[in-house]
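Asker: Encoded as structure tokens, here's the structure I'll be asking about.
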Amino acid sequence: MSRRILLLLLVPVLAACQREEREYRANPIASETRETVALTALSPGGNEPVVATSGKGRDYENNAYHLSQGKRLFQWFNCSGCHAPGGGGDIGPPLIDDKWIYGASIEQIVQTIREGRPNGMPSFRGRVPDDQIWQLAAYVRSMSGNVPSDAAPTRADHMHPGPSESRRPVSPPIAGGDVPPGGQAPQ
């Protein structure tokens, strides 16, 4: 008798349970952050350019998992086809130096990947999920030593002449591709 009562009490409890729903792949457009970045210091009317960032970049630049995922995605999406392993190729500019044409902040790099740039860089809006764009941008910043060394991935690429990302000296970016303070291109 007690077994039947226990069974009758257990049936409503089990019927009330729902399966947990997980979103394994986020909608690339719905999850996109709204970043307002300035690509130049020039602004009409003599005012400073408008910049509004979400702060999401810090979460990606300081996280070893996101940086290593960015490194994996850099290879998977064949970014090295244009940028070589960071040193620049025949098509794309180098990513390991301190010259940044469209800005070196992670938000500006995200904007470059998302929107593309004239003369070669395609737009990946709607093709690559937002979190992967942020991971790629964080990895690109790590290539020039601009992330914490304890979070930067190590280089498994034996063909690359430079040290791993975690052992590179910090080379603060120079906006607009200006000549570095030493007057020579970095070696």
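Just so you know, all these numbers are worked out from the coordinates, no wet-lab data involved. On a predicted model such as this, the values are computed, not experimentally measured, just so you know. Cβ: placed from backbone, ideal geometry, glycine included. Neighbour counts: every protein chain shown.
Asker: Go ahead and collect, in residue order, the members of the stretch 99-122 whose backbone nitrogen is under 16 Å from a label point 7 Å along the Cα-Cβ direction of residue 47.
Answerer: none
Asker: Between residue 76 and residue 2, 0.36 nm times their residue separation minus their Cα-Cα distance comes to what? Could you put the intermediate results ahead of the total?
Answerer: Working: separation 74, 0.36 × 74 = 26.64 nm, distance 6.03 nm.
Full-extension gain reported as 20.6 nm.
Asker: While we're here: Mind sorting 96, 133, 5, 101 by how few other Cβ atoms lie within 10 Å of their own Cβ, fewest first?
Answerer: Numbers: 96 21, 133 25, 5 9, 101 14.
By the 10 Å Cβ count, ascending, the order reads 5, 101, 96, 133.
Asker: Additional query: I'd like to know which of 101, 144, 119 lies farthest towards the positive end of the charge dipole of the stretch 85-156, counting +1 on Cβ of Lys and Arg and -1 on Cβ of Asp and Glu.
Answerer: 119
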